[in-house]
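**Q** The structure is given below, and queries will be raised subsequently.
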Amino acid sequence: MDIRSKKRIVIMGDSGRGKSTLADKISESLGVKLYSADDLIWEEKFSKQRTKEESLNMSLDIASLDNWVFEGSSLRLNKCFLEIADLVIYLEHKNFISQSIILYKRFLTRDNETFFNFMTLLKHNLYCRYRLGYKNGSISDLAFLDSNNIEHIRLSSFKEIDDFVSTNT
């Protein structure tokens, strides 16, 4: 696949899978501005959240632009982009254990991470993966893509991601 002709790209998926890294590489390669769901959700990263209405309005403004790379794991915000995207890439972990190990390693290397935030993220990922707690009864990202017939590429391993990057950027 030649992604150079793609003007609107969504990268979504599991926490800690490499969405931001892949989005950076694609954005830089294509010379297209990168937008992150985290920047729309958080006024001050992980401490002061924007209202849902404010972050949704920001998403709609970005989606109306001619070209962008958007990355994030917020289906609420991703929906603004999915139906108009030229390319959707979904990055997933094979299982919760491997995801937790990667997130723990990331926690150890980031200066601004707190143990509380790390544990909250693990809980959120557990709820998302197994549709528990506040995610009980909600549709998963992949189920949303499939039920809406949104064509997407699924990448599960670092090798698949690396191969995609090396052949497309």
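The values are calculated or read from the model by the stated rules, or taken from the named source; none is laboratory data. Computed from a predicted structure; not experimentally measured. Reconstructed Cβ throughout: ideal geometry from the backbone, glycine too, with neighbour counts over all protein chains shown.
**Q** If I filter the stretch 14-59 down to residues being at pLDDT 90 or above and in a strand (DSSP E or B), which single residue comes out as farthest from Thr114 (Cα to Cα)?
**A** Taking the candidates together, the pick is Leu34.
**Q** Same structure, new question: Is there a residue being closer than 18 Å to His152 by Cα, of a type in the set (Val, Ile, Thr) and surrounded by 14 or more Cβ atoms within 10 Å (Cβ to Cβ) anywhere in the stretch 52-62? First the steps, then the outcome.
**A** Narrowing the stretch 52-62 to residues closer than 18 Å to His152 by Cα: none.
The answer is no; no qualifying residue exists.
**Q** On to the next question. Can you pull out the residues in the stretch 81-92 that are crowded, with 18+ Cβ neighbours inside 10 Å and either at pLDDT below 90 or among the β-branched types (Val, Ile, Thr) (or both)?
**A** Passing the criteria: Val88, Ile89.
**Q** What are the pairs, 6+ residues apart or on separate chains, where a residue within the stretch 67-84 that is free of Cβ contacts under 8 Å to residues at least 60 places away in the same chain and within 14 Å of Lys52 (Cβ to Cβ) has its Cβ under 7 Å from a residue that is in a helix (DSSP H, G or I) and β-branched (Val, Ile, Thr)?
**A** Final answer for the pair search is Ser74/Ile41.
**Q** Still on this structure, I have one more. Taking the residues in the stretch 101-138 that are not polar (S, T, N, Q) and not in a helix (DSSP H, G or I) as candidates, determine which candidate is farthest from Arg17 (Cα to Cα). Steps first, please.
**A** Here is the first cut: in the stretch 101-138, the residues not polar (S, T, N, Q) are 101-108, 110-111, 113, 115-116, 118-119, 121-124, 126-135, 137.
In the following step, the residues that additionally are not in a helix (DSSP H, G or I) were identified as 110-111, 113, 131-132, 137.
Working: Arg110: 16, Asp111: 19, Glu113: 17, Arg131: 19, Leu132: 21, Gly137: 24 Å.
If we take residues in the stretch 101-138 being not polar (S, T, N, Q) and not in a helix (DSSP H, G or I), then Gly137 is farthest from Arg17 (Cα to Cα).
**Q** Does any residue in the stretch 119-130 that is closer than 14 Å to Leu142 by Cα come within less than 8 Å, Cβ to Cβ, of a residue that is in a helix (DSSP H, G or I) and basic (Lys, Arg) six or more places away or on a different chain, and which pairs are these?
**A** Cys128/Lys135
**Q** Could you please let me know if Glu151 is assigned to a loop (DSSP other than H, G, I, E, B), surrounded by 14 or more Cβ atoms within 10 Å (Cβ to Cβ) and of a type outside the set (Lys, Arg)?
**A** In short, no.
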